[in-house]
Every structure is written in C-alpha cells, then in structure tokens.
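Trainee: Pasting a structure here, questions to come.
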Amino acid sequence: MRRFLLPAIAGLVLGGVVHILSIFAMPQLAQNDAFARLARLGNINEIIQLPEPTPFQAVLPRMDPAFAFATCVYDLSRGPLSISVPATPDLTSVAFYTRQGRVFYSLNDRAASQRAIDLQLMTAQQRALLPQDSEITSADRLIIESPGLHGIVFIRAFVREEGSRELIRARLKGAKCGPLAAR
C-alpha cells in the first residue's frame, strides 16, 4: 500500500500545479478574447457602438441589457489619443482595459467637470514628451497613462426606461476617440 501512496500524492500535487498554471495562462493564450472580438467590429482608434445584447447573443459575456455600450479599441503606437464621451441623463461610465483585459482606470460622468468626459490617453513615455506649459494645469486636462500600447476603452450608459434607449444611443454617437490634436 505504501508504494502506491507516494506516486498517488506526487500525481495529485503535479496535477494541482498543472491545473493552477493553466488557469493563470489562459488569459494570455486565449485567441478569441475581448480585444479580438471588439477589434473585429470596426476600426482601431474609433468609437464603435455595440449591438444590444440578447439572451441568446452578445458581443461579450455578461453584458447588462440595462446599459447601452460603445467601445474604442486603441493603438497608441502612432501617438496619444483624445477621448470625449458625452454624458447621458443618468449614468455614463468609461473604463480602460489593457490588451489582456485588466482594468487600469475607470471614471463616470459624476467625476466630469462638464456634461462630457474629456481626457487624453497616452503611455508614460508619450506623457514625458508633453511640453510643460505653466498655464495648463492638471485640472485643465485629464491624462490617463496606459500601461501598454494596445487596449480597450469601454463606455457604458445606463438606460432607465426602454423608451429612452434610442436617445441614449444617439448621445453615444457623439463620442470621439482619435489622435490628439497638437495645441
């Protein structure tokens, strides 16, 4: 009995280690992840409105039907981006994800100073190259530093009543994600 016990324990430990390693490796090895699914829907560095989720079909898993969604799959290799999202009557939120799907920044329209969320997205290296203008304070421009060159800007707008869904989607059409214009 003892001669079977050691191989059985070693097999269980090895199986556990392989299982844990495979769980941690899956996000990096997945080929049809959120970035790939969203990139197929439109152009890079442009706002794309997502189709309404149904019980049988959604672009991404667990999309809440009480929200209208838009996204911008970004590539910062050509320079920083300017992002502007108009606020909606109830709640508008903007979340920034890395290429691997990790959230690195999130804010909502309650944090915006006006009726729009305006910000600049860039890498730390691109931010270091910005001219230091004493008249432009950090309160004048919100700068988000992306940990990588590629990622996702995900916009959610709450739809309180189904009758206002088209109004909310029309407002989201005014969202912009494009190259940062030189000032």
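The values are calculated or read from the model by the stated rules, or taken from the named source; none is laboratory data. Note that this is a predicted model, so its numbers are computed, not measured. Reconstructed Cβ throughout: ideal geometry from the backbone, glycine too, with neighbour counts over all protein chains shown.
Trainee: What is the number of the single condition among (1) more than 29 Å from Ser164 (Cα to Cα); (2) surrounded by fewer than 17 Cβ atoms within 10 Å (Cβ to Cβ) that Phe56 does not meet?
Mentor: (1)
Trainee: Being more than 10 Å from Arg156 (Cβ to Cβ), in contact (Cβ under 8 Å) with a residue 60 or more places away in the chain and touching a strand residue (DSSP E or B) at 6+ places or on another chain (Cβ under 9 Å) narrows it down to one of Ser77, Ser93, so name that one. Steps first, answer last, please.
Mentor: On the way: Ser93 fails: more than 10 Å from Arg156 (Cβ to Cβ).
Selected residue: Ser77, the only one of Ser77, Ser93 that is more than 10 Å from Arg156 (Cβ to Cβ), in contact (Cβ under 8 Å) with a residue 60 or more places away in the chain and touching a strand residue (DSSP E or B) at 6+ places or on another chain (Cβ under 9 Å).
Trainee: Which residues, taken from region 1-18, are loosely packed, with under 10 Cβ neighbours inside 10 Å and either at pLDDT 90 or above or in a loop (DSSP other than H, G, I, E, B) (or both)?
Mentor: Met1, the sole residue that qualifies.
Trainee: Something else now. Would you kindly identify the strands (runs of 3 or more DSSP E) lying entirely within region 68-122 that contain at least 3 residues that are of a type in the set (Ser, Thr, Tyr)? Write out each step before concluding.
Mentor: Values: elements: 81-86, 92-98, 103-108.
Answer list for region 68-122: 92-98.
Trainee: Here's another thing I want to ask about it. Just to be sure, is Asp109 crowded, with 17+ Cβ neighbours inside 10 Å, acidic (Asp, Glu) and in contact (Cβ under 8 Å) with a residue 12 or more places away in the chain? Quick ask: steps written out before the conclusion?
Mentor: Details: crowded, with 17+ Cβ neighbours inside 10 Å: yes; acidic (Asp, Glu): yes; in contact (Cβ under 8 Å) with a residue 12 or more places away in the chain: yes.
Taking the combined requirement at face value, the residue satisfies it.
Trainee: May I ask you to list the residues in region 147-168 that are of a type outside the set (Phe, Trp, Tyr), within 23 Å of Gln120 (Cα to Cα) and not in a loop (DSSP other than H, G, I, E, B)?
Mentor: The answer is His150, Gly151, Ile152, Val153, Ile155, Arg156, Ala157.
Trainee: Yes or no: Ile48 farther than 25 Å from Ser164 by Cβ, surrounded by 10 or more Cβ atoms within 10 Å (Cβ to Cβ) and assigned by TED's automatic domain parsing to the domain that holds Thr88?
Mentor: Details: farther than 25 Å from Ser164 by Cβ: no; surrounded by 10 or more Cβ atoms within 10 Å (Cβ to Cβ): yes; assigned by TED's automatic domain parsing to the domain that holds Thr88: yes.
No, not satisfied.
Trainee: Anything in region 46-68 that is touching a Gly at 6+ places or on another chain (Cβ under 9 Å) and among the acidic types (Asp, Glu)? List them, or say none.
Mentor: Residue satisfying the conditions is Glu46 alone.
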